[in-house]
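These notes are about the structure you will find just below.
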Amino acid sequence: MKKTGAIGDKIFRTLVLIAAASILIIVAAIFVMMANSAMPTLERFGFGFFVSSEWKPAQESFGALPFIYGTVVSSLIAVLLAVPVSLGIAIFLVEQAPVKVARPIAFMVELLAAIPSVVYGLWGIFVLAPLIRNYLGPFLQGWFGFLPIFQGRLTGIGMLTGAIILALMITPIVTAVVRDVLEAVPTTQREAALALGATKWETTTIVLGNAASGIAGAVVLGLGRAIGETMAVTMVIGNSPQITASLFEPANTIASLLAANFAEATDKIYLSALIEIGLVLFLVTFVVNAFAKLLILSVARDTTAKHV
């Protein structure tokens, strides 16, 4: 029986090892395939591909700068809008709300995360875009029109619309991770602060300080989700390869470029350009998410060490 059990253990260990290794193989295969397919563009344009702003497929002239710019700006604006709201929700759920109130709000947050991106896109087209065109845009231009970011045409479709949609989409993710991070902080720290006469607000600031690296990880994780989001942004950002300071003007991101143009890329060099910019998105998303995971894990390690 011992021999049979030992053989069964070896077979089981081999099977799970193959399953784990398959993930690494898949990631490596994706990278190799994309790098090989992007080689024609790399050889033809070199580093100039990333600093050129021309995107003219008919003339076989390709530059990724407008899409990199649109991805960075829309993602950063989304993070700036989403993080304060997400942080407030998480603090309320963990530190302030009674259980009867916290549970339904937490359920609604999880429900928002499960909504398909195309639904957010439809909401952006039919609700958010008219609101920006008729109300928010005129208000911002009336009070802050001297700033270049609030100048331009008010069509309702553009960088600001895409950024707000992204903010709505990453809010549930950031909220859920921050809530888990705050719950990981030992209760004894709260009790010690209250015992020393600290107010509820002062106790919360102490908890936030101890969870700072995990909160930073949640923010970076939200940034990674915003960078890679495709469908909703494609529907509302305008899909125009231009670099402009105005948040009301149409723009484009790497993900929306791939979604809107990949099907019509018939020329080899055109297809190679799209794959190369997709490779950039793949690498950036991989690095950002890995960094976020490391920050979140650092909180778990610190919490475990304190308990020990």
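Some notes on this structure:
- Relative pair counts by distance (%), Cα atoms of the chain, 10 Å bins: 6, 21, 25, 23, 15, 7, 2, 0, 0
- Shape class for the stretch 88-158: oblate, because the ratio a/c of the largest to smallest gyration tensor axis (alpha-carbon atoms, square roots of eigenvalues) is 1.5 or more and b/c is at least a/b.
- Computed extension length for residue 19-residue 114: 31.5 nm, one decimal, from 0.36 nm per residue of separation with the Cα-Cα distance subtracted.
- When the alpha carbon coordinates of the stretch 1-117 are projected onto the principal axes, the ranges are 68, 55, 22 Å, largest first.
- Normalised per residue, the accessible area of the stretch 140-277 is 40 Å², obtained with a 1.4 Å probe and no contribution from ligands, DNA or RNA.
- Helical segments meeting 20 Å axial Cα length and Kyte-Doolittle 0.5 threshold in the chain (DSSP H): 2-37, 65-91, 99-114, 159-184, 212-228, 268-307
- Taking label positions 7 Å along the Cα-Cβ direction at both residue 107 and residue 31, the computed distance is 4.3 nm, reported to one decimal.
- For residue 61, the amide hydrogen comes within under 5 Å of the amide hydrogens of 56, counting only partners 5 or more places away or on other chains and with H modelled in the peptide plane.
- The apolar share of the surface of the chain, taken as the fraction of accessible area on carbon and sulfur atoms (1.4 Å probe, ligands and nucleic acids excluded), comes to 72 percent.
- Subtracting the Cα-Cα distance of residue 9 and residue 264 from 0.36 nm times their residue separation leaves 86.7 nm of extension gain.
The values are calculated or read from the model by the stated rules, or taken from the named source; none is laboratory data. What you are looking at is a predicted structure, and each value in this text was computed from that prediction instead of being measured. Note that we place each Cβ from the backbone using ideal geometry, even for glycine, and neighbour counts take in every protein chain shown. Please note that ligands, DNA and RNA were not included when accessible areas were found on the heavy atoms of the full protein model with its side chains. Shrake-Rupley method; radii C 1.70, N 1.55, O 1.52, S 1.80 Å.
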